[in-house]
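Taking it in order: structure first as structure tokens, then the write-up.
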Protein chains: 2
Amino acid sequence: MKVVLIGSTGHYYSFHRALDSGADIQYVGFANGFDGEDNSHYIRVFASKYGTKVYDNYMEMIKAEKPDIALVCSHYYRNAGISMDLLKAGVSVYSEKPVATTIEDLDLLEKTYEQSDAHFSAMLEMRYTPAFKAAHDAVKKGLIGDVIMVTAQKSYKLNQRPEFYKKRETFGGTIPWVGIHAIDWIRWISGKEIVSASALQSNKYNNNHGELETIALCQFGLEDGSIAAVNIDYMRPAAAKTHGDDRVRVVGSKGIIEVRDGKAWLLDDDKEMELELEEEQNPFIAYMEQVKGNGRCRVQAEDAFRSTRAALMARQAADEGRIISF
Amino acid sequence: MKVVLIGSTGHYYSFHRALDSGADIQYVGFANGFDGEDNSHYIRVFASKYGTKVYDNYMEMIKAEKPDIALVCSHYYRNAGISMDLLKAGVSVYSEKPVATTIEDLDLLEKTYEQSDAHFSAMLEMRYTPAFKAAHDAVKKGLIGDVIMVTAQKSYKLNQRPEFYKKRETFGGTIPWVGIHAIDWIRWISGKEIVSASALQSNKYNNNHGELETIALCQFGLEDGSIAAVNIDYMRPAAAKTHGDDRVRVVGSKGIIEVRDGKAWLLDDDKEMELELEEEQNPFIAYMEQVKGNGRCRVQAEDAFRSTRAALMARQAADEGRIISF
């Protein structure tokens, strides 16, 4: 398959790992997501390593290279517009999450996708993390019965972030950027849709990162009266062993499953046990196989749209200090 | 000091431990909280063990015994009324939490306390659990800077509960009964007051316990824009080693403190370390010393009132599906 990359912000890592593993991929082009986007580091280090042709303009690249798949990794507020251009050109999209940073863009993107024959997926790649996959599979097997409450955590180190993180307009907010993974776990693991959101957020102690929120809490009603919550922070201290401290706790009618420190546990009326983890699959390869016609990857277009919508609604709930039903 | 106990539901354990430890206490009487309250098990097993005189009516007992302190442990919806009778009679009260199950009762109780010279405290005894105390003390020492987000968990086994747990009117609800401890940690550890609440709850899978909620989520705004959340459940499986799975995570400007499995950890920019725990103190003895004039116990009357108010407001927020500011 012919693949191109647009922009170099975010999670093109699984694509690089796929290339490095010798997967059958022609990496035919790299382009800026917009005029003046600074991708000089990527071009110097990676485009040269992979011998990829570099374009200034992504639509020129699309016309010249006719790729099967484009990865969309520009500044977050640009990604929805780029994805729409690609879908209209019949190119399948693998987009950074959130797939849009405004509800208006998300609505347009969904419509564009429906009118296109191309595939669409998003880098909600934590569905491929073995411990979270084990939790999902255990629930699906019925090991804890009916899921009624999910609580999840995302905690990251802030470090120094690029300039565009400092403005809501260009960054999109910490709930859509960081929290969306936890929101996606709720939907994916419970198998239930989110129907309402209430949220709180603050940019306290953000180390001169402008509007960037360092802390956020989201509370979600699910379609059948089940409930879920997410706590998000950019306050993970430097001494922590890992960049992220990702957790989920799933309460079911017959037991509880937890993921923490990359491991998964099951607790029910008979036992407490660690769940076996399967080998990690490459999310980009799974998507590429879907585009080829082989199976379905774990993040369908509808998942990308719905998890993004829930994140944007939670952000709005926090901005406006009200409960939003959708 | 002369001490009496009214009712035998809830947490008179620290009082019994104080008696068993040989503390200087005259346990002069036990009485029903209301006509027809069934305390036969307590009277048979404990009143006889301690040689305590048993009364049908607590006001008769108060007149006859003139106690310094009364523990109030009747059915939860009765406790506020009993406490008011005691305060009016000049008897210091050690009440089960929540100290009232309605806002109306809480308002009356606060007024009655203000007009009384007697002391008042509540069985928010988790302030005496060493790991939570260590978290509190570490924050107070400034080890994580300014607290900006607190998340806490209460998870209990349901087992079979008495009949009065099955009705909201007599039980009060799972947020005020179970969640209040976590709500109290937020106030106590952060040193910040709660000013708004949003909450979700459900009585799914409550094993024929009528209206009793098995799951709940609360989200709180704090006075300075900091934020907090609580997840509560009665779904802890039978195979779990302990009755409760109590946790707190405190995010500060300079580090994170966590309590889990009875231990406390500190993570900051320099290190990750377990906090040293001090020996557990007896909460009842601490209160009794305050009544004698020696120091202040950890749960002041204002704490009891404010944590109860936050719990009742969160319950109302869940009942009415709205954000409540107070």
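Here, each number is a calculation from the coordinates, and none is a lab measurement. Keep in mind the model is a prediction, meaning the values are calculated, not measured. Neighbour counts are summed over all protein chains in view; Cβ atoms, including those assigned to glycine, are modelled from backbone coordinates with ideal geometry.
Of note:
- Options A:Tyr94, A:Ile148, A:Val4, ranked by Cα towards positive dipole end of segment A:1-155, top entry (Cβ charges): A:Ile148
- Which of A:Lys63, A:Lys157, B:Lys204 has the fewest Cβ neighbours within 10 Å, and the rest in rising order: A:Lys63, A:Lys157, B:Lys204
- For B:Glu276, label point 7 Å along C-beta direction: distances to other copies, nm: 4.6
- Highest to lowest packing among B:20-26, B:91-97, scored as the average C-beta count within 10 Å: B:91-97, B:20-26
- Within segment B:241-300, chymotrypsin sites (Phe, Trp or Tyr not before Pro) in DSSP loop having at most 10 other beta-carbon neighbours inside 10 Å: none
- Charged-residue dipole, Cβ positions (Lys, Arg, Asp, Glu), segment A:103-230 about Cα centre, Debye nearest 20: 700
- Ordering A:Asp233, A:Asp303 by the number of other Cβ atoms within 10 Å of each residue's own Cβ, fewest first, gives A:Asp303, A:Asp233.
- Nearest-first distances (nm) between copies at A:Asp261, label 7 Å from Cα via Cβ: 0.6
- Mean Cβ neighbour count within 10 Å, used as a protection proxy, ranking A:243-255, B:139-151 highest first: A:243-255, B:139-151
- Contour minus Cα-Cα distance for B:Gln281 and B:Glu302 (0.36 nm per residue): 5.5 nm
- Nearest-0.05 FRET efficiency for B:Arg260 and B:Gln26, computed from C-beta distance (R0 35 Å): 0.30
- Peptide B:137-149 has a mean shielding of 2, counted as Cβ atoms of other protein chains within 10 Å of each residue's Cβ.
- Cα-based reach from A:Lys167 at 26 Å (exclusive), listing lysines while leaving out same-chain residues under 8 positions away: A:Lys97, A:Lys154, A:Lys157, A:Lys204, B:Lys254
- Under Karplus coefficients 6.51, -1.76 and 1.60, residue-wise ³J(HN,Hα) of segment B:41-47 in Hz, glycine/proline x: 4, 4, 4, 5, 8, 9, 4
- Local net charge near B:Ile256, Cβ-Cβ under 10 Å (Lys/Arg +1, Asp/Glu -1): -2
- Burial ordering of A:Thr214, B:Thr242, B:Thr174, fewest other beta-carbon atoms within 10 Å first: B:Thr242, A:Thr214, B:Thr174
- Rg/Rh for segment A:192-303 (Cα atoms only, Rh after Kirkwood) is 1.02.
- Principal axis dimensions, the protein assembly as shown - Cα atoms, whole angstrom, descending: 98, 46, 38
- When Rg and the Kirkwood radius Rh are both evaluated on Cα atoms of segment A:70-225, their ratio Rg/Rh stands at 0.99.
- Within the protein assembly as shown: Cβ-based charge dipole about Cα centre, in debye rounded to nearest 20 (Lys, Arg +1; Asp, Glu -1): 360
- Averaged over the residues of A:122-132, the number of partner chain Cβ atoms lying within 10 Å of the residue Cβ comes to 0.
- Values of log10 I(q)/I(0), in the order q = 0.10, 0.15 Å⁻¹, for segment A:2-118 under a Debye, Cα-only, solvent-free model: -0.26, -0.60
- Intensity falloff of chain A expressed as log10 I(q)/I(0), Debye formula with alpha-carbon point scatterers, at q = 0.06, 0.07, 0.11 Å⁻¹: -0.20, -0.28, -0.70
- 19 Å Cα-Cα reach of A:Lys66 towards lysines, excluding residues that sit fewer than 8 places from it in its own chain: A:Lys2, A:Lys53, A:Lys88, A:Lys292
- Averaged over B:267-280, number of beta-carbon atoms from partner chains that fall within 10 Å: 2
- Charged side chains reduced to their Cβ positions (Lys and Arg at +1, Asp and Glu at -1) give segment B:2-118 a dipole of some 440 debye around its Cα centre.
- Checking every one of the GluC sites (Glu not before Pro) in segment B:229-313 against DSSP loop status and a limit of 14 other Cβ atoms within 10 Å picks out B:Glu276, B:Glu278, B:Glu279, B:Glu280.
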